[in-house]
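One structure below.
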Amino acid sequence: MRIDIWSDIACPWCFIGKRRFERALVGFAHRDDVQVSWHSYQLDPDLPEHYDGAELDYLAGRKGMTPEQVRRMFDHIGGVAAGEGLRYDFGSLVVANSLRAHELVHLAAAHGLDGPVNEALLSAHFEHGEDIGSLEVLVRIGTAAGLDGSEVEQALADGRYRAAVQSDIRRAGSLGIQGVPFFVLDDKYGVSGAQPTEVFSETLEQVWREANPLVMVSPVAAEDDPACGPDGCVIPGRSAVPARAPQPAAARSARHSDRSIE
């Protein structure tokens with residue numbers, strides 16, 4: 001099974017959705033047969049490389065919300081994140097364009113490290129107040145995940161993965177994706193948003209069953225097939241033996257009491 005996930009490093013619900021999806025995947029019996037790929041999406045591609053102001057100021061200006069409304073939103077999202085084991089710190093968050101962070105994820109994907117790099121970027125942004133637009137921070141995150149520092153510097157300097165980022169964004173548009181996180185399973189099923197873990201679990205099971213239907217060796221059950229059903233159990237060559245109905249506990253205890261008196 002292939003799962004493509006569109007996400008933005010600057011999206012708080014994306015980190016929450018990642019946690020919930022991963023919890024569902026851990027409990028999925030066929031998780032070793034699942035291939036997960038991360039794709040880029042930018043909520044605000046026009047954001048300057050570095051924004052001179054706090055996250056509260058940025059969101060209040062961009063969304064036309066009052067500071068108090070933004071604070072309530074922070075409290076709500078922070079509470080949901082805490083329920084997933086995440087410790088968001090909106091007060092220390094550095095507002096920055098996520099483009100180069102996405103380029104780093106694509107470089108990491110070329111080395112099979114996009115999962116841990118994406119995780120580290122989200123944590124750095126939302127939990128540790130680090131600047132995801134800083135070359136120094138990105139090189140440190142990349143090398144900590146196992147990438148070569150010189151390759152990270154060079155790739156971010158020459159923008160070799162910028163076209164791949166833009167390609168992801170265009171593909172999201174062609175699929176009708178207008179928000180993240182967004183999960184696409186086997187190029188057929190879409191799940192929008194940071195859904196509860198149970199929704200991801202049910203979807204994984206459904207997609208797996210449809211892609212791997214049970215094939216019966218004996219399409220039609222014969223009358224002498226050794227099996228049990230509602231009408232009893234079959235003994236080959238003989239008619240079905242009626243299944244014995246279970247007796248209520250009260251009746252069983254009553255009969256046992258009668259015998260003990262005798």
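Brief remarks follow.
- Residue in the stretch 161-181 that is farthest from CYS14 (Cα to Cα), counting only those that are touching a helix residue (DSSP H, G or I) at 6+ places or on another chain (Cβ under 8 Å) and outside any helix (DSSP H, G or I): TYR161
- You will find that of ASP52, ASP32, ASP44, the residue that is assigned to a helix (DSSP H, G or I) and surrounded by fewer than 17 Cβ atoms within 10 Å (Cβ to Cβ) is ASP32 and no other.
- Checked against (1) small (Gly, Ala, Ser); (2) within 19 Å of GLY179 (Cβ to Cβ); (3) under 23 Å from the mean Cα position of the chain (by Cα), GLY64 passes all but a single condition, namely (3).
- The listed residues are ASP187, ASP168, ASP158, ASP148, and the only one of them that is acidic (Asp, Glu) and touching a Ser or Thr at 6+ places or on another chain (Cβ under 6 Å) turns out to be ASP168.
Just so you know, all these numbers are worked out from the coordinates, no wet-lab data involved. Since the structure is predicted, the reported quantities are computational estimates derived from the model, not experimental observations. Counting neighbours? That spans all protein chains shown, and the Cβs are built from the backbone with ideal geometry, glycine included.
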